[in-house]
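Here the structure is laid out as structure tokens; the discussion comes afterwards.
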Protein chains: 2
Amino acid sequence: MAICTPLNSSTYSSIIPQQNHHDAAVSFARRACWRATSSHRPRRGFTVITCASSDAGTVVIGLAADSGCGKSTFMRRLTSVFGGAAEPPKGGNPDSNTLISDTTTVICLDDYHSLDRTGRKEKGVTALDPKANDFDLMYDQVKALKSGVAVEKPIYNHVTGLLDPAEVIKPPKILVIEGLHPMFDERVRKLLDFSIYLDISNERDMAERGHSLESIKASIEARKPDFDAYIDPQKQYADAVIEVLPTTLIPDDNEGKVLRVRLIMKEGVKFFNPVYLFDEGSTISWIPCGRKLTCSYPGIKFTYGPDTYFGQEVSVLEMDGQFDRLDELIYVESHLSNLSTKFYGEVTQQMLKHADFPGSNNGTGLFQTIVGLKIRDLFEQLVASKAKSPVEAKA
Amino acid sequence: MAICTPLNSSTYSSIIPQQNHHDAAVSFARRACWRATSSHRPRRGFTVITCASSDAGTVVIGLAADSGCGKSTFMRRLTSVFGGAAEPPKGGNPDSNTLISDTTTVICLDDYHSLDRTGRKEKGVTALDPKANDFDLMYDQVKALKSGVAVEKPIYNHVTGLLDPAEVIKPPKILVIEGLHPMFDERVRKLLDFSIYLDISNERDMAERGHSLESIKASIEARKPDFDAYIDPQKQYADAVIEVLPTTLIPDDNEGKVLRVRLIMKEGVKFFNPVYLFDEGSTISWIPCGRKLTCSYPGIKFTYGPDTYFGQEVSVLEMDGQFDRLDELIYVESHLSNLSTKFYGEVTQQMLKHADFPGSNNGTGLFQTIVGLKIRDLFEQLVASKAKSPVEAKA
């Protein structure tokens, strides 16, 4: 049974100080709740707000990533695993950051900016600073969506730098909150069924060194203190981290074209069994290039083993180098276990489907695809476990 | 059908210049041949010489090893794989170097010394020098045995340093020629169905450094030039090499108690499929110690991969460290492929059976056992292939 929780609007006035134009709508959103059996037309100028149609409730995934919010390759790979393409809400704000597919809704946490571009400039804070973000509203709305309650979420317009009128977000089967701070606020963090941190700080450092434009260097440099203070520490809370590092296959590599990517998977997370190579729990390095597989320079090297990460037990799968051809990928896939595929070769199929996406020939694409499969598996296990135990009804 | 080839005795007088007391017996051995259907009693004071009772002929294995001839741990492990214990010939010379089991006869190539201890001392040559060995007789007799013809083989008495009267060697199913020079003479080498080189020169070097006795140091030092000139070069002809090296798990290890052992397996040898770890033909390192398996310091590390050895394609399996307990061994066995076992856990069973043999807790015992299984497999495949094709009858 779907749960419809009337929201307490007493904290409302402090929540969106920059937004006056849709107070009534949000206030409405915080109170209203219908069980959705079919789609409703907007009434009294407001979008209809519905409860989650799935009795299993909404599974919430947090993805901490510094760029490409909502339209990121990672999200496109993730939604592809569930089938169907993710698209912006139909007929809505063309600058919406939201992506919706049959099962998945990806919202961009930039939409919870409490200060717009001008406001940040005036107060001298970056978008990375918690002061520029409204965590109370983020928490309220993620909690509402998780409970099956639709919300009217603000839109941060990346083109104008302004806060646009809100859009309605219905509770999906899977809600992905993507952006700078999905694990920053403890309350929001506790709502997450699974969390991922995309750690490209090393790649960014490399890019910075490579950039000739002083303005880009300066921009990266200016963000660094806030990044280190507010973004980077979220790593410790992530169930999975995808870390991008320079290759070790090329001695003293300065080009940064070949990447070494690590998938750090936390142990003991319910419904999440880390992927392993050959032998679970032991330490392995594997160079698949040899008699059966010919790779071009500098080849491919996988490493797998147990480790600790911020004091917690993790398993780490690392890929250094890049694929030349399809047969390398299927060869690699056939030697990985706990992939949560539904058929032999599904990883390779997904990668081929999006061969034009960035990272399709290296560990970023591979691990994003694998994490997508793990999230599908986690979702299905969560749904199955909720179907077994009766849903707790809240007053 | 068994093949009985009368031997040409024209070269006889030059063959065993030091041996006069059994000329007649050897001459007899070189001419006589019966088909054996049952065991015969000695006639005219000579042991009866019989042809091989197996139509498949005798499979000949060469083992180059510098010490412990005939009674070596390796041979005990090998014969154990075939079942039944290997024992010295019953009722014969108590100082015989030969070991006989139901299927296997191990002869010691020291028996082909042409110079006894005094002779070597007089001529100033070591036992390693080809001048102290009779390769013509070695070739004649190994060839005879391979063709199903029994021989009267001299005995080098390690106790007295003299050449004792000959003993009869019947053609067994498997003949192992073990000693200093199984692959030295090209003719003998071509008779081998499989060859193994036990490379403990590094271990010996370590032992030398560790020895306090000047006499032992001097003895090892004195052998070195001949060893390098005549023994070591046989490595290049071996189908399998077991190489004993110092561990790399303990930084700057000087104790030499923990060994790193490499099994170097030649590619493209008929009926010999090299053992592999996880993925055939790729390069892998594996530390099985971790979440599933707890190892004491310094742990265990396996390495596997393709390589070249004297310009030839080989696969190398390396074990560094030592086993603490049984479950480590069965755990390791379960991850190795192409072991040629007849049932799950046979390697572990064999190792347990001879837990008191030297090297049972490290790579020497493991790889000796594995080579034993590979030889059994090679033997069975050879027999099967010969059963399919008609035996070529020689005049």
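Listing for the model above:
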item	result
Solvent exposure ordering (accessible area, 1.4 Å, most first) of A:278, A:272	A:278, A:272
Under Karplus coefficients 6.51, -1.76 and 1.60, residue-wise ³J(HN,Hα) of the stretch A:345-357 in Hz, glycine/proline x	x, 5, 4, 4, 4, 4, 5, 5, 4, 10, 4, 8, 5
Principal axis dimensions, largest first and in whole angstrom, of the stretch B:239-382 by Cα	42, 35, 28
Listing of the stretch B:263-287 residues, each with accessible area lower by at least 10 Å² in the full protein assembly than in the chain alone (probe 1.4 Å)	B:267, B:278, B:279, B:280, B:281, B:282, B:283, B:284, B:285, B:286, B:287
Within the stretch B:274-293: backbone nitrogen closer than 12 Å to the residue B:352 label point (7 Å, Cα to C-beta)	none
Approximate spin-label separation residue A:270-residue B:186, in nm, with each point projected 7 Å along Cα-to-Cβ	7.6
Contour minus Cα-Cα distance for residue A:388 and residue A:159 (0.36 nm per residue)	77.8 nm
Residues in the stretch A:234-251 reached by a label modelled at residue A:308 [backbone nitrogen below 17 Å; 7 Å Cα→Cβ]	A:236-237
FRET efficiency estimate (nearest 0.05) - Cβ-Cβ, residue B:228 to residue B:93, R0 35 angstrom	0.60
Ranked order, A:383, B:241, B:125 - accessible area, probe 1.4 Å, largest first	A:383, B:125, B:241
The stretch A:306-395, dipole about Cα centre (Lys/Arg Cβ +1, Asp/Glu Cβ -1), debye to the nearest 20	620
The stretch A:66-200: radius of gyration over Cα atoms, expressed as a fraction of 2.2 N^0.38 Å	1.00
B:167, B:122, A:280, ranked by accessible area, largest first (probe 1.4 Å)	B:122, A:280, B:167
The stretch A:239-382: relative contact order in percent, alpha carbon pairs under 8 Å with at least 6 residues between	25
Karplus-derived HN-Hα couplings along the stretch B:275-284 (A = 6.51, B = -1.76, C = 1.60, θ = phi - 60°), whole Hz, x at Gly and Pro	5, 9, 10, 6, 9, 4, x, 9, 10, 9
Summed buried accessible area for B+A [probe radius 1.4 Å, Å², rounded to 100]	1700
The stretch B:78-94-the stretch A:114-149 distance, computed between alpha-carbon centres (Å)	84
Filter on A:146/A:270; B:217/B:257; A:90/A:386; B:143/B:224; B:190/B:388; B:123/B:190 - keep pairs with C-alpha separation over 28 Å	A:90/A:386; B:143/B:224; B:123/B:190
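The values are calculated or read from the model by the stated rules, or taken from the named source; none is laboratory data. Computed from a prediction, not measured in an experiment: that's the story for all the values here. Here Cβ is always computed from backbone atoms with ideal geometry, including for glycine, and neighbour counts include all displayed protein chains. Please note that ligands, DNA and RNA were not included when accessible areas were found on the heavy atoms of the full protein model with its side chains. Shrake-Rupley method; radii C 1.70, N 1.55, O 1.52, S 1.80 Å.
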